[in-house]
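First the structure, in the form of structure tokens, and then the observations on it.
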Amino acid sequence: MAHESHEQVDAVTGVTTTGHTWDDIQELNNPLPRWWLWTFYLTIVWSVLYAIAYPAIPMVSSYTKGVLGWQSREAVEVDLAELRQQRSGMTAKLAASSLDEIKQDPEMFAFARAQGKASFGDNCAPCHGAGGAGAKGYPNLNDDDWLWGGSLAQVEHTIRYGARSTSDKGHSGTMPAFGRDGMLKREEISHVADYVRSLSGLPTDKAADLNAGAKVFADNCAACHGDKGQGMQDLGAPNLSDKIWLFGSDKATIVEGLNNGRGGVMPTWHGRLDDTTIKALTLYVHSLGGDQRP
């Protein structure tokens, strides 16, 4: 590609060139359209006027306020105040009613679920998913398998105080690290992992010693998970006899949990969310998977 730079007049159009030529193709120096120039000038004028009228220019520790005194944050606060005013009547009803009373009132229940869904999206969805389907290590709230109980009162307590959280009233209890802390040998962990899989009807290796696994389970796991692995909600110990697995049902995942323990954390929302919002969240979460419970 040849490139030259010398200004001349185009013989065909009579327009001066810019002096740039690529492969014998000259660039004409045509003026910009008037309408485009005037539009460009108007945008400059508009930006100057906007900077004068509204908050626009950052300074060392503040910013220009604008002669109109309008701010988007204040506008949002006004809109939120109006929304709270519109909802105040129903919100007051929620605050004065018990969870059971709200659930029995179709209008209040619909309002609570709508408010709870919005709050769930803001606070709970990052862990439990937008629809409450959960993920590995985060419970699915759409089924009826509840680590700490699925009644209205139990769900409210879990939301309010969390699990293994900073609240003294939160759920506590963790699964020990049997391998890391030397409580079980490697072969014992392998045996009990096979036995745990068998509790929910999962296939095990032909060489698996389920009798040895049952003994390890009885000696070390039954105190929390129950004699038949049915779980214990007071301790947050999951039911091992169903088909629902929080971290996974393959043997390697079970062995990893036995070696290093388990103990996910749910934060306490008491003090971070008001009581009415916690009620709404409780009713929404309860309706996802425990609605058949009282």
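Being surrounded by 10 or more Cβ atoms within 10 Å (Cβ to Cβ), on the phi > 0 side of the Ramachandran plot and at pLDDT below 85 is a condition met by no residue of region 74-83.
Being in a loop (DSSP other than H, G, I, E, B) and among the aliphatic types (A, V, I, L, M) is the filter; apply it to region 212-248 and report the residue that is least open to solvent (accessible area, probe 1.4 Å). So the residue we want is 240. Based on this model, can you work out whether residue 194 counts as charged (D, E, K, R) and farther than 19 Å from residue 261 by Cα? No.
Is it fair to say residue 271 is within 30 Å of residue 114 (Cβ to Cβ) and free of Cβ contacts under 8 Å to residues at least 60 places away in the same chain? Judged against the criteria, residue 271 is a match. On the stretch given as region 18-48, residues that are of a type outside the set (Asp, Glu), assigned to a strand (DSSP E or B) and surrounded by 10 or more Cβ atoms within 10 Å (Cβ to Cβ) total 7. Among the residues of region 235-256, what is the count of those that are more than 26 Å from the chain's Cα centre (by Cα) and either assigned by TED's automatic domain parsing to the domain that holds residue 150 or within 15 Å of residue 149 (Cα to Cα) (or both)? Residues flagged as more than 26 Å from the chain's Cα centre (by Cα) and either assigned by TED's automatic domain parsing to the domain that holds residue 150 or within 15 Å of residue 149 (Cα to Cα) (or both) within region 235-256 amount to 0. Taking first residues from region 106-128 that are over 9 Å from residue 280 (Cβ atoms) and partners that are among the charged types (D, E, K, R) and in a helix (DSSP H, G or I), the Cβ contacts under 7 Å between residues at least 6 apart in sequence or on separate chains come to 108/93; 109/103. Cβ-Cβ contacts under 7 Å between residues 6 or more apart (or on different chains), taken from a first residue in region 207-226 that is under 14 Å from residue 178 (Cβ atoms) to a second residue that is small (Gly, Ala, Ser), are listed as 224/237; 225/231; 225/237. Considering the conditions (1) among the acidic types (Asp, Glu); (2) within 30 Å of residue 102 (Cα to Cα); (3) not assigned by TED's automatic domain parsing to the domain that holds residue 91, residue 275 is excluded by exactly one of them, (3).
Of all residues in region 194-201, one or more are assigned to a loop (DSSP other than H, G, I, E, B) and either in the same structural domain as residue 272 (by TED's automatic domain parsing) or surrounded by fewer than 17 Cβ atoms within 10 Å (Cβ to Cβ) (or both).
Looking at region 149-163 only, could you name the residues that are more than 19 Å from residue 121 (Cα to Cα) and in contact with a Leu (Cβ under 9 Å, 6 or more places away or on another chain)? Within region 149-163, 152, 153, 163 meet the criteria. State yes or no: is residue 182 assigned to a loop (DSSP other than H, G, I, E, B), at positive phi and free of Cβ contacts under 8 Å to residues at least 24 places away in the same chain? Spelling it out, residue 182 is indeed assigned to a loop (DSSP other than H, G, I, E, B), at positive phi and free of Cβ contacts under 8 Å to residues at least 24 places away in the same chain.
The single condition among (1) in contact (Cβ under 8 Å) with a residue 40 or more places away in the chain; (2) closer than 23 Å to residue 141 by Cα; (3) in contact with a Phe, Trp or Tyr (Cβ under 7 Å, 6 or more places away or on another chain) that residue 258 does not meet is (2). Within region 14-28, the set of residues being modelled with pLDDT of 85 or more and not β-branched (Val, Ile, Thr) comprises 27, 28.
Among the residues of region 261-277, those that are open to solvent by less than 50 Å² (accessible area, probe 1.4 Å) and farther than 28 Å from residue 224 by Cβ comprise 273, 276, 277.
Would you check if residue 204 is within 30 Å of residue 277 (Cα to Cα) and among the hydroxyl-bearing types (Ser, Thr, Tyr)?
Working: within 30 Å of residue 277 (Cα to Cα): no; among the hydroxyl-bearing types (Ser, Thr, Tyr): yes.
Against the criterion (within 30 Å of residue 277 (Cα to Cα) and among the hydroxyl-bearing types (Ser, Thr, Tyr)), residue 204 does not qualify.
The values are calculated or read from the model by the stated rules, or taken from the named source; none is laboratory data. Predicted model, so just to flag it, every value in this text is computed and none were measured. As a convention, Cβ positions derive from the backbone with ideal geometry for all residues, glycine included, and neighbour counts pool all protein chains shown. Remember, those area values only see protein heavy atoms, side chains included, never the ligands or the DNA or RNA. Shrake-Rupley method; radii C 1.70, N 1.55, O 1.52, S 1.80 Å.
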